[in-house]
1. Semi-axes of the equivalent ellipsoid for the stretch 260-431, please: Cα gyration tensor eigenvalues, times 5, square-rooted, ordered largest first, whole Å.
2. Which distance in nm do the two modelled labels at Thr205 and Glu459 give, with both placed 7 Å along the Cα-to-Cβ direction?
3. Determine the per residue accessible area of the stretch 260-431 with all protein chains present and a 1.4 angstrom probe, expressed in square angstrom.
4. Between Gln285 and Ser269, what length comes free when the chain is fully extended (0.36 nm per residue of separation minus the Cα-Cα distance, one decimal in nm)?
5. Using a 1.4 angstrom probe with every protein chain in place, what is the largest-first accessible-area order of His276, His340?
6. For Cys275, what accessible area in Å² do you get when you roll a 1.4 Å probe over the heavy atoms of the protein chains, rounding to the nearest 10?
7. Would you please give the residues with an amide H less than 5 Å from that of Gly231, counting only those at least 5 places away or on a separate chain, with H modeled from the backbone geometry?
8. Quick one: check the C-alpha center-to-center distance for the stretch 221-300 versus the stretch 152-181, whole angstrom.
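The values are calculated or read from the model by the stated rules, or taken from the named source; none is laboratory data. In this text the structure is predicted, and so the values were computed from the model without any measurement. FYI the Cβ positions are ideal-geometry reconstructions off the backbone, even for glycines, and counts take in every protein chain you see. Heavy atoms of the whole protein, side chains included, go into the accessibility calculation; ligands, DNA and RNA do not. Shrake-Rupley method; radii C 1.70, N 1.55, O 1.52, S 1.80 Å.
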Amino acid sequence: MAIEVFEHIPRKTLVAWNSMIAGYSLKVDRRSCILLFGRMKEDGIKPTLTILTNPNLGLERGFEILRQMVLENVVPNEATFTSAARIATAKEDPEMAFDLVRQMRGFGIMPKLRSYGPALFGFCKKGMADRAYEVDADMVASGIVAEEAELSAILKVSADTGRADKVYEMMHRLRAMVRQVSESTVGIIENWFRCEEAAKVGEETWDVCKVREGIVRGGGGWHGLGWLGSGDWRVTRTQMDGTGICRTCGEKLVCIDIDPKETQIFASSLTNLACHKEVRADFVQFQEWLQQRGPFDAVVDGANVGLTNQHDFSFFQLNNVVKQLRQMSPSKRLPLIILHKNRVTGGPAQHPNNKKLLESWKKSGALYATPPGSNDDWYWLYAAVSCKCLLVTNDEMRDHLFQLLGTSFFPRWKEKHQVRVSVSRCGLTLHMPPPYSIVIQESETGRWHVPTITGDDLETPRQWLCATRAIDAPLHHL
């Protein structure tokens, strides 16, 4: 048995002690865990924080160990408190979970989003809306940005308890932070609009000028002045046509503006990240090259376009895209083509026709070969942002590189500038950015349109939720 082997170890290491405690915790032998913990201290081994991470220890035993570790001057970390909070929530004690988050500051530890989850979800599950709002307020005060899961949980408890003001607030926070919602979230929103409480709230008359001023102030697509209209809601799953008109209610969605200052800030942060991740001299050289030859009307992610629906890289397909973009350009100028140097010098690039094509692009100042060892994503993204132009790529830009940008601006910019490519038997098609913003929109008449992540508007139409009053109220001036 493991315990017999353990007892014969002359000098028991930290790893050996932790392994035995973990083994007993899996067997839910809490008494043995505590006894081993005591012997561990007597043996002169300083306990570590990993002991608390197994919920099989139980709430009381887990906190008993935590208190003892504090007495032993073992400084807890964020993971320790979060694990303890999860144990508390498993025992349906979100109050304890929230208290643990607040205790973290006493140890100089900054909570993370995951630290708040046990308390927030615990309160929401119990229908304790006011306590959930307190957790949310604490998150905001700590600079923690809630994501869809957290906002959706608060939205649900608000709807379930009839807190129309909080439902409205969460709808706008989802609009600002999430934009397109999951099926589970849209289900919560749909249930809200169908409930009796939703039919009771809303202004029957309102100042149209004030609402329009709010829309302009917010950049379009929302006013934030509260529920408008009265009576039951008509709620439908729907789609938009190519111009952004709702196929159910006929409302035309708007294209929300991007502040030029935001673009400049984003370009600067992009430059800093690229210079940190890439060889700085290489990227600076590209910036100088772009400044001399730009701006361009479009930038092409050459590798992505040349491989779309292809087993091998196709210069023929890439050139088709380049020619279409040149035809669309007001100045009939070639777009900027970004290719890794390996694509320019090896493989299909050696074919005479492709050599000739590459040479023509170089002479026109339309080709940039990124250096060996570089990530060409930084190059084509920076070029498109700095030139304020279209970006042709099917890259969804969701991987770690783009997560580093960590800003709500990026999805808004991508929506307005990304051109996608599809290839079929009929040929190659460029899908231009939609003439409307794919984001939760609130109209000046009180209608709501909520986009879901179901569908991509290429192969499958995106699904939307349309919510209008059963009897639309006319516009009223107060």
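1. Calculated on Cα positions only, the semi-axes equal 24, 19, 16 Å.
2. Placing both labels 7 Å beyond Cα along the Cβ direction yields 5.4 nm.
3. Averaged over the residues of the stretch 260-431, the accessible area is 51 Å².
4. Using 0.36 nm per residue and subtracting the Cα-Cα distance, I get 4.0 nm.
5. His276, His340
6. Its accessible surface works out to 20 Å², give or take rounding.
7. Residues meeting the amide H criterion: none.
8. The stretch 221-300 and the stretch 152-181 have Cα centres spaced 23 Å from each other.
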